[in-house]
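Below is one structure, written out as structure tokens; comments come after it.
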Amino acid sequence: MGTLVLEELNAGNIVAANTLTLKPGQEQFVAPVSHSIAEAYVNPTTAWPRVVLEDGEVVGFIMGNFDPDADQEEFRSCIWRINVKAEAQGHGVGTFAVRALADEARSRGFERLTVLWESGEDGPEEFFLRVGFTPLRETPYGEKLGVLAL
């Protein structure tokens, strides 16, 4: 495992972020980074898009949302997307990204971070549980809502 650094999404890293490839079977559980990039420009005041570099190479992407006025509490401080390059999985990239997002949420005065995920083989549930999220409930669409106390 190399040195991990968090960097704001910018013109110099956006192409690498947009071409991150996941392990086979994982694509069905997360929207492409390009969707997050579009959402970040639509919601520039609430979106928090970042890339994770390992030894200078983009190996991960995380996008959070911080909106204290959101109607639904679970969308006030949440993870919208997290993608980790297939070859970098198991290097601590995802954990590093979640911790960075949690630190940002804490610095903004939030007391919890939420995430939605779908259960299934090759899905992210095991990862989210491992980094400390606790399942709170299931949505009407069958997704699980997880909470991480800050």
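Of all residues in the range 72-83, none satisfies being touching a helix residue (DSSP H, G or I) at 6+ places or on another chain (Cβ under 8 Å), surrounded by fewer than 18 Cβ atoms within 10 Å (Cβ to Cβ) and acidic (Asp, Glu).
Residues that are on the phi > 0 side of the Ramachandran plot and charged (D, E, K, R) within the range 90-135 comprise just one, Asp122.
Here the strands (runs of 3 or more DSSP E) wholly within the range 65-150 that include at least 2 residues being in contact with a Leu (Cβ under 9 Å, 6 or more places away or on another chain), touching a residue at least 24 places away in the same chain (Cβ under 8 Å) and within 24 Å of Leu22 (Cα to Cα) are 77-84, 112-117, 144-149.
Filtered by the rule that a residue be modelled with pLDDT under 80, of a type in the set (Ser, Thr, Tyr) and touching a strand residue (DSSP E or B) at 6+ places or on another chain (Cβ under 6 Å), the range 1-50 gives a lone residue, Ser36. The residue that is surrounded by the fewest Cβ atoms within 10 Å (Cβ to Cβ), counting only those in the range 96-123 that are among the polar types (S, T, N, Q) and under 22 Å from Tyr141 (Cα atoms), is Ser119. Looking only at the range 106-126, decide whether some residue is closer than 30 Å to Thr3 by Cβ, among the aliphatic types (A, V, I, L, M) and touching a strand residue (DSSP E or B) at 6+ places or on another chain (Cβ under 6 Å). There is at least one residue in the range 106-126 that is closer than 30 Å to Thr3 by Cβ, among the aliphatic types (A, V, I, L, M) and touching a strand residue (DSSP E or B) at 6+ places or on another chain (Cβ under 6 Å).
Examine the range 117-131 for a residue that is modelled with pLDDT of 95 or more and of a type in the set (Gly, Ala, Ser), and state whether such a residue exists. Within the range 117-131, not a single residue is modelled with pLDDT of 95 or more and of a type in the set (Gly, Ala, Ser). Among the residues making up the range 64-115, a single one is modelled with pLDDT under 95 and touching a Cys at 6+ places or on another chain (Cβ under 6 Å): Asn65.
The values are calculated or read from the model by the stated rules, or taken from the named source; none is laboratory data. All values derive from a computational prediction rather than experimental measurement. When we count neighbours, we look across all protein chains shown, and the Cβ atoms used for this are built from the backbone with ideal geometry, even at glycine.
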